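The values are calculated or read from the model by the stated rules, or taken from the named source; none is laboratory data. All figures in this text were calculated on a predicted structure; none of them were measured in a lab. All Cβ positions, glycine included, derive from the backbone under ideal geometry; neighbour counts span all protein chains shown. Each accessible area value is taken on the protein alone, full model and side chains, heavy atoms only, with ligands, DNA and RNA left out. Shrake-Rupley method; radii C 1.70, N 1.55, O 1.52, S 1.80 Å.
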Amino acid sequence: MFELTKLVRPNILSLEPYRCARDDFKVGILLDANENTHGPALSELSETEKILELNRYPDPHQHELKQQIINFRNSKPNKYTETNLEIDNLCLGVGSDESIDMLLRCCCTPGKDKLLVCPPTYGMYGICATINDIEIVKVSLTIPNFQIDIDAILQKVTEDSNIKLLYLTSPGNPTGKLINVDSIVELLKQSYSKWNGLIVIDEAYIDFTAPNGSYSQSMSTLVNQYPNLVVLQTLSKSFGLAGIRLGITYSNKKLSKLLNSMKYPYNISSLTSNVALKATAKEGLAMMQNYVDKIVEQRSIVLKKILDLKYVGKNLGGEDANFILVEILDKNGNPSNEIASKLYNTLAVDNSVVVRFRGNELNCTGGLRISIGTEIENKEMLYKFEKVLNELNA
Ligand SMILES: Cc1ncc(COP(=O)(O)O)c(C=O)c1O
């Protein structure tokens with residue numbers, strides 16, 4: 001049975017969040033935070049830099065930004081959504097990488113507790129777990145569709161009570177495949193009565209997934225209905241803002257309060273929130289959708305052309321993210337890590353085209369992952385890709 005207070009580490013449950021004088025008093029001669037009140041050590045300041053008062057600590061709460069983010073997500077409910085998100089459901093971080101780490105620190109005692117992942121999956125889960133001395137347990141995604149094996153997951157988590165978190169990527173990386181929303185809801189319901197752990201859905205690529213009719217495929221609007229659900233998103237992909245480092249954790253209000261207490265008070269810089277506020281306002285959202293539409297259109301063009309090439313086998317992954325995962329063959333028509341890694345290397349070293357070799361990931365033999373670029377970039381990539389692949393198999 002799920003019980004948050006028994007899942008979270010006792011030191012986190014009793015944590016008193018850092019408070020500053022600025023939480024209570026915001027105007028006047030501000031001499032409370034040991035800032036440099038002369039101003040930033042910059043010889044020239046742009047108008048924006050002046051307005052941002054960069055000599056001052058940033059807002060630890062970011063209510064305006066949170067409100068814009070939930071306005072956007074609430075306008076696109078999932079078919080199961082019954083309630084609206086509120087700002088208390090959100091915790092903002094330095095990219096979703098911070099959220100991945102913070103959830104581990106919140107729920108897992110180093111040297112004792114475990115994290116369940118479903119490979120092939122995103123590499124940072126394993127790295128963060130190792131840094132935190134958390135053992136990793138694995139249940140593979142099913143093949144060929146890279147979906148979750150609900151029975152195998154339930155068996156694993158019920159036979160080992162030290163497993164505290166399950167990290168799923170949907171759409172997956174490197175699979176590019178959405179995990180069926182009905183299956184996730186099924187897992188949330190079944191695990192609630194059997195397991196005291198959180199199901200964390202990393203939705204870094206969710207905006208590249210086709211909606212289900214008029215419904216979004218995002219699970220983010222369901223966190224008030226399922227206390228054992230956490231959803232991660234980021235501005236690094238669809239919003240084209242990997243450089244500002246802004247990640248979003250959606251969870252029920254009790255957990256969200258704990259995560260907000262845990263985060264470093266000033267983790268979101270004034271520069272980051274200023275850009276994020278523009279990107280999540282009306283004009284920014286329209287631009288994001290425009291880019292997503294272009295990438296989705298290019299994704300099917302690139303995939304079709306690449307699958308027509310002589311030494312490319314099947315599309316290993318799905319069409320739900322801003323990349324594809326294709327199978328590279330040797331001259332006998334067999335999936336080949338040797339040819340795939342040589343192709344990766346030659347493209348990068350001699351042709352200035354960098355893709356990603358993923359052939360060593362579970363059930364991805366011969367796999368190359370290719371991000372979808374602009375039309376011009378994709379054309380050049382395809383031209384060089386075909387040339388090098390033919391040469392390697394000649
Ligand atoms: C599945 C997944 N989650 C999270 C991230 C990292 O996101 P961020 O840039 O917000 O840290 C990536 C980046 O590639 C990713 O593929």
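Set the Cα radius of gyration of segment 285-392 against 2.2 N^0.38 Å, with N its number of residues, and you get 1.04. The alpha-carbon of residue 189 sits under 20 angstrom from the alpha-carbons of these aspartates and glutamates, leaving out residues fewer than 8 places away in its chain: 3, 82, 149, 151, 159, 160, 202, 203.
Pairs over the 20 Å Cα-Cα cut-off, from the set 294/387; 114/237; 237/282; 177/278: 294/387; 114/237; 177/278.
Counting only residues at least eight positions apart within a chain, or on another chain, the lysines with an alpha carbon under 17 Å from that of residue 257 are 6, 66.
Among residues other than residue 150 whose Cβ falls under 14 Å from its Cβ, what is the net charge (Lys/Arg +1, Asp/Glu -1)? Once all neighbours under 14 Å are counted, the net charge is -1.
Entry comment: accessible area of segment 285-392 is 52 Å² per residue, from protein heavy atoms only and a probe of 1.4 Å. Each of 358, 105 has its accessible area taken with a 1.4 Å probe; listed largest first, they run 105, 358. The fraction of accessible area contributed by carbon and sulfur in segment 285-392 is 48 percent, rounded to a whole number (1.4 Å probe; ligands and nucleic acids excluded). The distance between label points at residue 31 and residue 12 comes to 4.1 nm (points 7 Å beyond Cα on the Cα→Cβ vector). Diagonalising the gyration tensor over the Cα atoms of the chain and scaling each eigenvalue by 5 before taking the square root yields semi-axes of 37, 28, 19 Å, largest first. Think of each Lys and Arg Cβ as +1 and each Asp and Glu Cβ as -1; about the Cα centre, that makes the dipole of the chain roughly 420 debye. For segment 285-392, averaging the sequence separation of C-alpha pairs within contact (under 8 Å, six or more residues apart) and dividing by the residue count gives a relative contact order of 26 percent.
The Rg/Rh ratio of segment 1-111, with both radii computed over alpha carbons and Rh defined as the Kirkwood radius, is 1.05. Based on C-alpha pairs under 8 angstrom that are at least 6 apart in sequence, the chain has a relative contact order of 18 percent. Per-residue accessible area (protein heavy atoms, 1.4 Å probe) orders 3, 53 as 53, 3, starting from the largest. Please get the size of the charge dipole for segment 285-392, origin at its Cα centre, with Cβ charges of +1 on Lys and Arg and -1 on Asp and Glu, quoted in debye to the nearest 20. That gives a dipole near 120 debye.
Within segment 265-344, the chymotrypsin sites (Phe, Trp or Tyr not before Pro) that combine a DSSP coil assignment with at most 15 other C-beta atoms in a 10 angstrom radius are 266. In the assembled protein chains, residue 88 presents an accessible area of approximately 90 Å² (probe radius 1.4 Å). Other residues within the sphere of radius under 12 Å centred on the Cβ of residue 197, judged by their own Cβ, net out at +2 (K and R +1, D and E -1).
Per-atom-type breakdown for segment 94-234 gives carbon and sulfur 49% of the accessible area (1.4 Å probe, protein chains only).
Distance between the pseudo-spin-label points of residue 127 and residue 277 (7 Å out from Cα toward the beta carbon): 3.2 nm.
Farthest toward the positive end of the dipole of segment 285-392, out of 292, 335, 303, is the Cα of 335, where the dipole comes from beta carbon charges about the Cα centre.
Within the assembled protein chains, the solvent-accessible surface assigned to residue 63 is about 100 Å², based on a 1.4 Å probe. Computed on protein heavy atoms with a 1.4 Å probe, the accessible areas place 114, 237, 194, 6 in the order 6, 194, 237, 114, largest first.
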